[in-house]
Number of protein chains: 2
Amino acid sequence: MPLFPRTRLPSPYGSDRLVRLAARLRPALCDTLITVGSQEFPAHSLVLAGVSQQLGRRGRWALVKGISPSTFAQLLYFVYGESVELQPGELGPLEEAARTLGVQSLEEACRRARRDRARELGPG
Amino acid sequence: MPLFPRTRLPSPYGSDRLVRLAARLRPALCDTLITVGSQEFPAHSLVLAGVSQQLGRRGRWALVKGISPSTFAQLLYFVYGESVELQPGELGPLEEAARTLGVQSLEEACRRARRDRARELGPG
């Protein structure tokens, strides 16, 4: 086993018909533009609303401080049905971002990954 | 059997997660306004795109002549996951509207209903 294993988070939305369509169409039909630092992320408010009530907003808006563009990109990837590959050290910030933004499914996936990783490492 | 039976068209989208959410939120997060005659119908472009490529457009636009507001309302009902109850005489216009607007699933449902009705009436 590698010293610093990558963590893979499968997305539960990968088989969702409209999520798959939205991912294919993006940025077409996007009605939301989320600013994180200096980066802008187009998105579909309905897809976002499907994972978190607070994310279901149209128009342009900015994320609270504390979430990096790369972390948000991973969150969006997950929300749009793609599994996410994380380097060591990325799991923490992603779980925190999921909690802050109310994306319960991602929070769960991160928690499960942390637990599985702890099991792999074993006691002592 | 009643002389003039109603026809019920079940919608295949009734169990679709994002369609159900969109139906619940409507008109919130709607990015489309479709004018039919003097009536306006708010809708989610992503939900529309999921049933017909030509319907996946944002903003305000008007339907071609030949489709009544009530027929379009039935089409939208079906698209948003609700089964539709049709009076005699309504099936034809709805199937025609489905064909014009490229909603294949509705066209199929109408064809099936016509076929089933013909079977019920039997030969001669």
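Given the options B:A23, B:A73, B:A62, B:A98, name the one that is under 22 Å from A:C30 (Cβ atoms) and out of contact with any Lys or Arg (no Cβ under 6 Å at 6 or more places or on another chain).
B:A23
Criterion first (touching a Leu at 6+ places or on another chain (Cβ under 9 Å), in contact (Cβ under 8 Å) with a residue 60 or more places away in the chain and more than 13 Å from B:L94 (Cβ to Cβ)) does B:V36 satisfy it? Criteria not met by B:V36. Filtered by the rule that a residue be within 16 Å of B:V79 (Cβ to Cβ), of a type in the set (G, A, S) and within 10 Å of another protein chain (Cβ to nearest Cβ), the stretch B:26-48 gives a lone residue, B:S45.
For the stretch B:1-47, taking the residues that are among the small types (G, A, S) and either under 16 Å from the mean Cα position of the chain (by Cα) or over 23 Å from B:G66 (Cβ atoms) (or both), the one that is surrounded by the most Cβ atoms within 10 Å (Cβ to Cβ) is identified as B:A22. Of the residues that make up the stretch A:51-60, is at least one within 9 Å of chain B (Cβ to nearest Cβ), over 16 Å from the mean Cα position of the chain (by Cα) and under 22 Å from B:Y13 (Cα atoms)? No, the stretch A:51-60 contains no residue that is within 9 Å of chain B (Cβ to nearest Cβ), over 16 Å from the mean Cα position of the chain (by Cα) and under 22 Å from B:Y13 (Cα atoms). Number of residues in the stretch B:32-60 that are out of contact with any helix residue (DSSP H, G or I) (no Cβ under 6 Å at 6 or more places or on another chain) and assigned to a helix (DSSP H, G or I) equals 4.
Looking only at residues in the stretch A:61-81 that are over 23 Å from A:S15 (Cα atoms), surrounded by 14 or more Cβ atoms within 10 Å (Cβ to Cβ) and hydrophobic (A, V, I, L, M, F, W, C), the one that is modelled with the highest pLDDT is A:I67. Among all residue pairs at least 6 apart or on different chains, which show Cβ distances below 6 Å where the first residue, located in the stretch A:67-87, is outside any helix (DSSP H, G or I) and the second is among the hydroxyl-bearing types (S, T, Y)? Sorted first by the residue in the stretch A:67-87, then by its partner, the pairs are A:G81/A:S11; A:G81/A:Y13; A:E82/A:S11; A:S83/A:S11; A:V84/A:Y77; A:L86/A:T7. Is there a residue being in contact with a His (Cβ under 8 Å, 6 or more places away or on another chain) and charged (D, E, K, R) anywhere in the stretch A:7-22? Checking the stretch A:7-22: not a single residue is in contact with a His (Cβ under 8 Å, 6 or more places away or on another chain) and charged (D, E, K, R). Whether a residue is aliphatic (A, V, I, L, M) and in a loop (DSSP other than H, G, I, E, B) was assessed, and A:L29 passes this test.
When you check B:A22 against the structure, is it part of a helix (DSSP H, G or I), within 14 Å of another protein chain (Cβ to nearest Cβ) and modelled with pLDDT of 95 or more, yes or no? Can you show your working first?
Numbers: part of a helix (DSSP H, G or I): yes; within 14 Å of another protein chain (Cβ to nearest Cβ): yes; modelled with pLDDT of 95 or more: yes.
Considered against the rule, which asks whether it is part of a helix (DSSP H, G or I), within 14 Å of another protein chain (Cβ to nearest Cβ) and modelled with pLDDT of 95 or more, B:A22 comes out as yes.
Within the stretch B:62-80, the set of residues being touching a helix residue (DSSP H, G or I) at 6+ places or on another chain (Cβ under 6 Å) and under 18 Å from B:T7 (Cβ atoms) comprises B:T71, B:Q74, B:L75, B:F78.
The values are calculated or read from the model by the stated rules, or taken from the named source; none is laboratory data. Keep in mind it's a predicted model, so treat the numbers as computed, not measured. Reconstructed Cβ throughout: ideal geometry from the backbone, glycine too, with neighbour counts over all protein chains shown.
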